[in-house]
Structures are given as C-alpha cells and as structure tokens.
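Everything below concerns the one structure shown next.
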DNA sequence: CAAAGCATCCAAAGCGCTTTGAATTTCTCA
DNA sequence: TGAGAAATTCAAAGCGCTTTGGATGCTTTG
C-alpha cells in the first residue's frame, strides 16, 4: 500500500493524506481521524526512501567501527554503547547504521555517508590523540558528536567524555594511600585519547608525591583478557614486582585475576587491583559486593546521552555545541587492601 | 554533485552517465573512461535514497536485537557476529542496519522494515523453540536467514547452525570418560533453541549410559558471568555436589572459575569444566594452551557465512534455500581432568 | 449583502536516480 | 556505395513521497 493507493481509497488527494499523517494543521480533525483509521487498517507506512528523497533526510545515524587489520576485533564495550543508543533511536524514529570497516577505509565511509546521504549524522567512536576524523567531519559537513575527546584538536565540537584523568588519579591515590608504592598500569592503547588521559592521571598521582615513573610498570595494548594476563605475569616476574595493578577494562582485569590466581596470589590481600568498569551487562562487577574496586561509568548511559545529543543537534543545527564531562564513582570492592609489608 | 550536474559537465545525458557508472554494456569504452574520470574528480557517488527509490532496493540488511525488558542486555557474542557480517557487507556494498528494540515490539520492526523498505533482508538472531518470527517473515515476504534453527517449526527456511546437540553430547561423554558422574549443566535460556539442543545433547550422553537426570544439576539463564558464578556456588553447596561443569558460554565459564577459585578449588584437578567457546576476540580462550577445554565454533565465521548466504539469496531469490550445520571442535585445555576419587 | 478571512483541500512540481523506447551515428559488407 | 545491422546516445517516464502555490467553499463582519 502506498500513498497513492491510500488516497484513492479515501477519495482524497495525496497532499491531504500526507499532511494528515504528518500532523500538519491544515486538515480537519474529522478527516484526519478517518485517514488515520484507514491507514492503520491497511497497515500503511510511508516508504522510507521516497520520504527521504523528498525531505532530504535519511532518519538514520551512522556508527563506524574501525576494524584494524592487525588486531581485527570489535570491542565488546561497543555492544553496550549501542544498546543505550538504540533505545534513543527507537524512541525518535531513527535507524542505526553500522559500518565495520578496515581503519584505512574509514575516511571513505564518512565521505560516502555524506555524499550518498546514507545518514544524517554520526557518532565518532574511539577518538585518538590528534584525531584527523574530526577535521574531516567538519570539512564534509556531516553532523557528529564524539564519544570522548581528542587531545591536540582544538576545534569546537560536541562531545561527552568520562573524566578519565581524574578517575585514574583518584584510583592511584587510593592505592598509594593503602601503602602501595609499585603500581602496574595495564592501560588501553595509548594512541587512544582515553588511555592517554588515564596514564596522565596515574602520573599526576605519582608526581604529586614526588614518586618517579617506572616504565617497567607500564603496559598498553588492546584491552583483552589475554593482555591483562600476560602483562600481569610479566610484571610479577620482574625483580621488583608491583603490589598493585590499575587496569583499564574489566575484561583485562579478568586476565589479571587469572594470572594472580595461577600463582596462588590472593587478590586484595597479596596484590591489589583497581579496574575501570564500564558497567557491561554480561560482565557485571559482582552482584552485591563488587569483585573489583573500580572506577565506574556506564557506557550504556553514555550511549543514551550521546545519541540524544546528536539527535538534538540534527533537529536543531543552530543550537550551541554540547560538552559533557562525567565524573566516575570509585567504589570499593574486595580486590584492594593494604600493601603487604615485605616481611 | 548529482547525476544531473555531472552529465552537464560531461555534455552527456543522465542515461549515459548512469549506465557508464553502473557498468552497462551499451556505452563505449572511451566515453566510459571519461565519465569515470570526471566522476572521480568530482567525488561523485549516487544518492542512496534516489537510487533506492528507482531500483526498489535499499542495499541494506537488518539485524534486530530484542532487548528484553526484564534482562536488558545486548549479548557480547553479537558483537563478534556482526564483525564477521560487516566484512561481507562492506565487500558487497550493503549497509547494516541495527534495531535494538523491546522484544514485544520486534514484530512491528520487521513489518516496518518491509513496508518502509528499510532493508532488503534480515538475519534472524537467537531463534527460540517454536519461534513465531519465522512464520512472520515468511508471511510478510522479507528475505531472511536464521542464525540457528527453531525446533518445532517445520517450514523451509535458510539457516546456519552449530551442531549444539552433538557438541554437548561429546563434551558430556568426555567428562563421563574421565570418570565424572555428577556433571552440572550451566546452560543458556532454554527457551532458546540452541540451549534446548545443548541440553538434549547432555541428556543423550547420560541416557546412553543409563544414567538418570538430576534436576539439581541443571541451571538455565542469560549467560552472564554472574550467572556462572552463582550457579556454581549453589551446586557446590548441595549435599552431593558435581565434580564437573558443562558451561554454555565462556562468559559464564569465567564466573564458574571465580566460584571455584573462591573456594580454593583447582580447576582441572578438583573440578573439571568444559565450556562452549564462541571464539570471542576479547575473551580468547588462552594463548597457547587453552584455559578451558572447550567445544569451539567461531561466531565471527558464522556471521561471515550467514551474511553471505543472505546476500546470495537477495541477489537470486529463486535459488534453493541453504542449510549448513557446522560441527564443533572439542579442544582439550587445562580445565579438565579425571574425577577426583572420593578419598 | 458584498468583501474579506479562514478552514480545507488539491494539482503539480520536484527530490535524484534508473530504465524504457526511440533516435542517431557508425559499421559492415554485398 | 548504400542499406541494414550494430553501436551509441538520449528524452522522458516513473519510483513514492513532500510541499508550494493555488482553488474552493464557508463563515464573518462592516
């Protein structure tokens, strides 16, 4: 059933039917009711492409996930993010279009999004330091919001970020206060802006106490379980091993835990661990008492908030850009305790 | 830049330019070259909506993820699946559109996909027993393939499935051969077809040895880490606890592991564990020696294969339906060993 | 009571592409 | 060389919707 057919059944013009369906005022309430009834009866809904052609909008929002050729993996954190965003899209009649693409082709995808009119805007994921994609999106004129920020880019754009630096500074301070002096940092890829900021927070805490940085205690890579495991094992094998670990993802923290367990070390007693917890639904940080002491910020909430920002921006392009910095909560679990006194 | 503008620059008709760009034969090679050059120079790519309107196709494939209101979560396994599918879409110029929707609204989404022409086909995820969505998709005439199968539905449709029953029968046999007699099953939601089949496989193995089923050893729920933990704890607290566990997901297996560890039980010596391993990129089952003995089947590969099936089906609707049943590999890791003799 | 205003409705153009059917040009080869 | 075939190109219709710019009839109001 299309508009033409529907209007013929009703004995009305396509104009009137279209207006009635789209809530315009220049149609009487009685005919509007009739039109809505007949439309529902025939299960009518407008063809998205035709509507889009006429309006110049797609009612879709793009997410492009770079799928690097070296480490081809889709971050599970992304799953929770889009779960949040998906709610917002459903409520606002937007579609979500996902492009999983070799990172070298990412620019092409954004350009195609614009020239082909596939989407009305995009959410930029995983900003790097000096990220070139921001200038690209500005250049091609595709509305966007950023999940995170990009150090080194000073143009003005909308973003929502967690205060990673403060989070990791606080977490480090927490461990220092417990007497830990050697703290391993198991960080994400430090080309990523969030990881860079976390490292800065870690450094802040150390330098505030005039402690020097030991590069033997720093690891940075894709935040897999295996990375957490291997980093921990390596660091514990060093002559002067850390007594605590600060981990960038609960996924890697699971690997840390495995490494400790394998050596018969008890978490929270022999070795302390703090992790960043994105609140992943399938990897909840314990039921009642948290397994890990953690800096927590729900990535699902971030998905919700960011998609709302983008939808608002698309509907009202002249509104001022929005920036939101979320503080994390530092919740104490069973993975931390006083530094063991070297007896 | 649009077709009209491009054809004016070239001094050719839109017809010719369109044909040249789409590879039709009725245009000379010399003009085609010229057209392609100018198109590239002006960074032309056709408006997707206009093209879709004209051709009646969207070049998009839908995935709808039910987001149940009780347990609102997007399965991380899904992330790896779409990573595989995304590769195929990118190679075939399809877009992936994702709809995350309350499960009660799932039918509406499929109907809207069809009437609005949002997508050319869908991949059906997480089939349940007697799944009503299959009949729905057949009724509305939206091409689809199923990731899994639906017991109780005997209509003919395309699917790709893992041989879950055989996998769990083999895994159970493996444990039985090691002398285990009480094996806990930590299964997914048994309304899900895959979980039902896994349970059948488990039962097959037991009944083949004339062993009876103990419902105290059966657990079924969403496959979170927490579920693995709580199930294990509960079962181990029973008077006659299991000596081995069969787990439906590596995520829950992590919870099993945590529960064991907490009690000071060593995996592979005190208690054996076999898990199903979907080959998730961020939760790899160990680097060299697998952590868990596992029945393994890459969900990313499944994503690749299924999306290829669907693309083929869309391009050639008259081709016969495809069915593919994948056997799993049972790889031995460090989580299994002979049943402890009750000394 | 005529003119103005208002509420309703409609015809037709236009969004940017593909494709049909026809026109034009270029080849072939008797 | 010229007619028919083949190759190349084009004008225009059509995909299903929105929206502009009227039209039409009804109600007010001076």
Selected residue [touching a strand residue (DSSP E or B) at 6+ places or on another chain (Cβ under 9 Å) and surrounded by fewer than 20 Cβ atoms within 10 Å (Cβ to Cβ)] from A:332, A:271: A:332
Among residues of the range B:44-59, those that are over 16 Å from residue A:46 (Cα atoms) and more than 30 Å from the chain's Cα centre (by Cα), counted: 6
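Could you tell me how many of the residues in the range A:87-100 are surrounded by fewer than 20 Cβ atoms within 10 Å (Cβ to Cβ) and at the interface with another protein chain (Cβ under 7 Å from one of its Cβ atoms)?
The initial filter retains those residues of the range A:87-100 that are surrounded by fewer than 20 Cβ atoms within 10 Å (Cβ to Cβ), namely A:90-93.
Narrowing the set further to residues that are at the interface with another protein chain (Cβ under 7 Å from one of its Cβ atoms) leaves A:90.
The qualifying residues number 1.
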Please find, within the range B:1-12, the residue that is farthest from DNA strand C (Cβ to nearest atom) out of those that are touching a residue at least 40 places away in the same chain (Cβ under 8 Å) and part of a loop (DSSP other than H, G, I, E, B). B:1
Looking at the structure I just gave you, is residue A:77 surrounded by 21 or more Cβ atoms within 10 Å (Cβ to Cβ), in a helix (DSSP H, G or I) and facing another protein chain (nearest Cβ under 10 Å)? yes
Those residues of the range B:20-38 which are within 8 Å of DNA strand D (Cβ to nearest atom) and either within 14 Å of chain A (Cβ to nearest Cβ) or surrounded by 18 or more Cβ atoms within 10 Å (Cβ to Cβ) (or both) amount to B:20, B:27, B:32
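Within the group B:246, B:260, B:185, B:175, which residue is in a helix (DSSP H, G or I) and within 30 Å of residue A:76 (Cα to Cα)?
Values: B:246 fails: in a helix (DSSP H, G or I); B:185 fails: in a helix (DSSP H, G or I); B:175 fails: within 30 Å of residue A:76 (Cα to Cα).
It is B:260.
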Residue set A:57, A:49; condition part of a loop (DSSP other than H, G, I, E, B), under 28 Å from residue A:122 (Cα atoms) and within 13 Å of DNA strand C (Cβ to nearest atom); output residue A:57
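Could you list, in sequence order, the residues of the range A:108-133 that are assigned to a helix (DSSP H, G or I) and away from chain B (no Cβ under 12 Å)?
A:110, A:132, A:133
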Pairs returned, first residue in the range B:279-292 that is at the interface with chain A (Cβ under 7 Å from one of its Cβ atoms), second residue that is in a loop (DSSP other than H, G, I, E, B), beta-carbon separation under 6 angstrom, 6 or more apart or interchain, are B:281/A:73; B:282/A:224
Please specify each residue of the range B:13-35 satisfying the condition of being under 27 Å from residue A:56 (Cβ atoms) and either in contact with a helix residue (DSSP H, G or I) (Cβ under 7 Å, 6 or more places away or on another chain) or in a helix (DSSP H, G or I) (or both). B:13, B:14, B:15, B:16, B:17, B:18, B:19, B:20, B:21, B:35
How many residues of the range B:92-106 are assigned to a helix (DSSP H, G or I) and modelled with pLDDT of 95 or more? The answer is 1
Quick one: is residue B:263 out of contact with any helix residue (DSSP H, G or I) (no Cβ under 6 Å at 6 or more places or on another chain), assigned by TED's automatic domain parsing to the domain that holds residue B:188 and in contact (Cβ under 8 Å) with a residue 60 or more places away in the chain? no
Restrict the check to the range B:173-185 and report whether at least one residue is within 14 Å of chain A (Cβ to nearest Cβ) and surrounded by fewer than 17 Cβ atoms within 10 Å (Cβ to Cβ). no
Can you name every residue in the range B:192-236 that is under 18 Å from residue B:77 (Cα atoms) and either within 14 Å of chain A (Cβ to nearest Cβ) or in contact with a helix residue (DSSP H, G or I) (Cβ under 7 Å, 6 or more places away or on another chain) (or both)? B:194, B:198, B:220, B:221, B:222, B:223, B:224, B:225, B:226, B:227, B:228
All but one of (1) out of contact with any strand residue (DSSP E or B) (no Cβ under 8 Å at 6 or more places or on another chain); (2) surrounded by fewer than 18 Cβ atoms within 10 Å (Cβ to Cβ); (3) outside the structural domain of residue A:198 (by TED's automatic domain parsing); (4) touching a residue at least 60 places away in the same chain (Cβ under 8 Å) hold for residue A:322, so report the exception by its number. (1)
It is to be established whether one or more residues within the range A:295-316 are in a strand (DSSP E or B) and in contact with a strand residue (DSSP E or B) (Cβ under 8 Å, 6 or more places away or on another chain). yes
Out of all the residues in the range A:61-69, is one or more modelled with pLDDT of 95 or more, facing chain B (nearest Cβ under 8 Å) and under 15 Å from residue A:144 (Cβ atoms)? no
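The values are calculated or read from the model by the stated rules, or taken from the named source; none is laboratory data. Predicted model, so just to flag it, every value in this text is computed and none were measured. In this analysis, Cβ positions are derived from the backbone assuming ideal geometry, glycine residues included, and neighbour counts consider all displayed protein chains.
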